[in-house]
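Comments concern the structure below.
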Amino acid sequence: MALVGKGGIDKRQYLDILTSTLFDAPVYKTYGRLIADGIFEPAGFAAPLGQKDIRLTLAAAEDLRVPLPLANILRDRFLTWLAHGGERLDWSAIGQLAAKDAGET
């Protein structure tokens, strides 16, 4: 969404295209809309819970010797978001970090 927004494309139109074709599932429609509209309160699944799930996933992966490099990146993004006061927001708000990094917000 950060790339789409930075490129001047309407996020809601982009979401409509995605969710009417390749990603026609409720989870994509629900969270895609929240991200496109920037609505993260009230939290349906609070960011600290998302961070906890990633932490537990990484612990299990370490025990089983399964590398999950993208999970490490996601863990760091959650920690960054929480460090900036995102504990009351929905977990999907970490997408705002990409927008912020892109200079969009």
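The values are calculated or read from the model by the stated rules, or taken from the named source; none is laboratory data. Quick caveat: nothing in here was measured; it's all calculated off a predicted structure. All Cβ positions, glycine included, derive from the backbone under ideal geometry; neighbour counts span all protein chains shown. We work out accessible area using only protein heavy atoms, side chains counted, and drop any ligands, DNA or RNA first. Shrake-Rupley method; radii C 1.70, N 1.55, O 1.52, S 1.80 Å.
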Notebook entry, point to check: Can you list the HN-Hα couplings for segment 7-21, worked out from phi with the Karplus curve (6.51, -1.76, 1.60; θ = phi - 60°), rounded to whole Hz and with x for Gly and Pro?
Noted result: x, x, 8, 5, 5, 5, 5, 4, 4, 4, 5, 4, 7, 9, 10
Notebook entry, point to check: For the chain, what relative contact order do you get, as a whole percent, if you take Cα pairs closer than 8 Å and at least 6 residues apart?
Noted result: 40 percent
Next item on the list: Once you have the Cα-Cα distance between Lys52 and Asp37, take 0.36 nm times their residue separation minus that, and quote the gain in nm to one decimal.
Entry: 2.9 nm
Checklist line | Highest to lowest packing among 19-27, 85-93, scored as the average C-beta count within 10 Å | finding: 85-93, 19-27
Next item on the list: Just the number, please: carbon plus sulfur as a percent of the accessible area of the chain, 1.4 Å probe, no ligands or DNA/RNA counted.
Entry: 61 percent
Check: Which aspartates and glutamates, on any chain, are close to Lys11 with Cα under 20 Å apart, when same-chain ones fewer than 8 places away are left out?
Finding: Asp24, Asp37, Glu41, Asp90, Asp101, Glu104
Margin query: If you count only protein heavy atoms with a 1.4 Å probe, what accessible area per residue comes out for the chain, rounded to a whole Å²?
Written below: 66 Å²
Notebook entry, point to check: By the scheme Lys and Arg +1, Asp and Glu -1, what is the net charge of all other residues having a beta-carbon under 11 Å from that of Ala43?
Noted result: -2
Check: Which of the lysines could be linked to Lys6 by a straight reach, that is with a Cα gap under 23 Å, when you skip same-chain ones fewer than 8 residues away?
Finding: Lys29, Lys100
Checklist line | Descending semi-axes in whole angstrom, ellipsoid equivalent of the chain, from the Cα gyration tensor | finding: 25, 16, 14
Notebook entry, point to check: Among Lys100, Lys11, what's the order by accessible area (1.4 angstrom probe), most exposed first?
Noted result: Lys100, Lys11
